[in-house]
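Quick notes on the structure that follows.
The values are calculated or read from the model by the stated rules, or taken from the named source; none is laboratory data. In this text the structure is predicted, and so the values were computed from the model without any measurement. Cβ placement follows ideal geometry from the backbone for every residue including glycine, while neighbour counts extend to all protein chains displayed.
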Amino acid sequence: MAGTGPRPEAQGGEWYVVDAEGKTLGRLASQVASVIRGKHKPTYTPSLDTGDHVIVINAEKVRVTGNKEKQKFYYRHSGYPGGLRAVPYEVMMAKKPEAIIEHAVRGMLPHNRLGRSLWRKLKVYRGAEHPHAAQKPKPLEIKE
């Protein structure tokens, strides 16, 4: 039973552009992750990369609900004793707003080899400009 699913080499990836201005972080991330995985297609297969590329623009204008602006932290560890670093949401938003969306989407992708390859399909930019005009991205509407 060799030919029972979509062949990876036959999968052409579409390009979509999403404007994050005024969008809620978690809702945006879950819908972007779904498109990257290919869940919107009838050929979706959990173990294969059948998804599309997503470009997110205006990352600095994404919003969070409640008190997350003051209470949310991003953690990383150096691997050494006492090496835990915590960066507040406000500082991360000021320094690198792209990382906030990347972190949220990456957490919603599989945590394995497939997830690492899918994560490369996400492109996030701080402002409204992106260098992917040659791919002719289609606008993707995010439901609030």
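Per-residue answers, yes or no, for (1) modelled with pLDDT under 95; (2) closer than 22 Å to His132 by Cα; (3) of a type outside the set (Lys, Arg):
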site	(1), (2), (3)
Pro6	yes, no, yes
Val17	no, yes, yes
Leu25	no, no, yes
Ser47	yes, no, yes
Ile55	no, yes, yes
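What is the number of the single condition among (1) assigned to a loop (DSSP other than H, G, I, E, B); (2) among the hydroxyl-bearing types (Ser, Thr, Tyr); (3) over 22 Å from Arg27 (Cβ atoms) that Tyr75 does not meet?
(1)
Mind checking which helices (runs of 4 or more DSSP H) fall wholly inside region 78-144 and carry at least 2 residues that are under 20 Å from Thr65 (Cα atoms)?
On the way: elements: 89-95, 97-106, 113-119.
So the answer is 89-95, 97-106.
Within region 53-107, work out how many residues are among the hydroxyl-bearing types (Ser, Thr, Tyr) and within 26 Å of Asp19 (Cβ to Cβ). Full working, then the answer.
Quick first cut of region 53-107, residues among the hydroxyl-bearing types (Ser, Thr, Tyr) only: 65, 74-75, 78, 80, 89.
If we keep only those that are within 26 Å of Asp19 (Cβ to Cβ) as well, we get 65, 74, 89.
The number of residues fulfilling the criteria is 3.
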